[in-house]
1. List every DSSP H helix in the chain whose Cα atoms extend 18 Å or more along the helix's own long axis and whose mean Kyte-Doolittle hydropathy is at least -0.5.
2. Select from 261, 194, 128 the residue farthest towards the positive end of the dipole of the chain; place +1 on Cβ of Lys and Arg, -1 on Cβ of Asp and Glu, and compute about the Cα centre.
3. Pull out the extension gain between residue 27 and residue 134, defined as 0.36 nm times the separation in residues minus the alpha carbon to alpha carbon distance; nm, one decimal.
4. Among 49, 86, 276, whose Cα projects farthest towards the positive end of the dipole of the chain, with charges put on the beta-carbon of Lys, Arg (+1) and Asp, Glu (-1)?
5. Which whole number in µm²/s is D for the chain by Stokes-Einstein, with the Kirkwood Rh taken over Cα pairs at 20 °C and 1.002 mPa s?
6. Quick one: 19, 41, 309, fewest Cβ neighbours within 10 Å first, how do they rank?
7. Put a dot 7 Å past each Cα toward the Cβ at residue 227 and residue 142; how far apart are the dots in nm?
8. Fewest first, what order do 104, 199, 264 take by the number of other Cβ atoms within 10 Å?
Amino acid sequence: MERGNYSTYADLILLGLFSNSPFPWLLFAVILLVFVTSVASNMVMIILIHIDSRLHTPMYFLLGQLSLMDILYIFTIVPKMLVDQVMSQRAISFAGCTAQHFLYLTLAGAEFFLLGLMSYDRYIAICNPLHYPVLMSHKIWLIVAAAWLGGSIDGFLLTPVTMPFPFCPSQEINHFFCEVPALLKLSCVDTSAYETAMYVCCIMMLLIPFSVISASYTRILITVHRMSEAQGRRKAVATCSSHMVVVSLFYGAAMYTYVLPHSYHTPEQDKAVSAFYTILTPMLNPLIYSLRNKDVTGALQKVVGRCVSSGKVTTF
């Protein structure tokens, strides 16, 4: 096939998440509800961490950054998908697809690194509690900067390599946003070398946070095992279990998408897994942390109590 038969800069067509659903409007309503819940719950987390002095600690500062990433993350993908469903359109410009691709990689990469580095914060808090404020006050900004920098490098490296691939004349992406595997399937040239390079890159990206998580939690388990007080053990396990649940959800879905060989994938499975970690995970993260954290629930109850009292006074 001649290169002139390829198209690189024309508008693309996103087939969407609703294309094969027998009840598209029901799925639309569910995703809209999840979107609103996700944005609202993450905003509440950020506000609580900002206004409650008990939450002015490095751990909650990192949770605030995680909530910020989740808000930006879900705004990158879901509004476009919902608007397309309402307007009955599927087109996305090449520039828009490139921007979405870059923002998605940057935010997903930043969250990827942040979740890994948060295990170091847990290690310091449990294994060196007396020195925790001093040690983390100097490293908290380094951790946040490293996470955002890692995500930015991910976006800046992969986007210029992925988007110049010439696309087939159909221009149809069997997905609901411009994700790397879906874009590669649209290409009419051999992408095996790029897929191998991306596979190696993903493995390396996994090794860095996994090594930090493994080393941190190994030390944590040793410290917890040596604790004589049952209450201290329960508190340490509760603090770490929330983080491990979030890590398992996010990393597990990412490993399926980018590490599992493509022969094990189907378009329907890819869209379902992508919907899980791009739409559901941002909603689950604040719920997991708030439901299992007495400080967060206490701060929320305090704010709600103030609002109720203020309302009573005004009404009276």
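FYI, it's all coordinate maths here, none of it is from the lab. Since the model is a prediction, treat every value here as computed from it, not as a measurement. Because the Cβ atoms are built from the backbone with ideal geometry, glycine has one as well, and the counts that use them run over all protein chains shown.
1. Working: long enough: 24-51 (40 Å, 2.29); 58-87 (44 Å, 1.22); 94-127 (50 Å, 0.98); 132-162 (43 Å, 1.10); 192-226 (50 Å, 1.11); 230-258 (40 Å, 0.37); 294-315 (31 Å, 0.05).
What comes out of the filter, once short or polar helices are dropped, is 24-51, 58-87, 94-127, 132-162, 192-226, 230-258, 294-315.
2. Selected residue: 128.
3. Details: separation 107, 0.36 × 107 = 38.52 nm, distance 4.85 nm.
Extra length from residue 27 to residue 134 when fully extended: 33.7 nm.
4. After comparing all options, I get 49.
5. The calculation lands on 100 µm²/s.
6. 309, 19, 41
7. Distance between label points: 2.6 nm.
8. Listed from fewest to most nearby Cβ atoms, that is 264, 199, 104.
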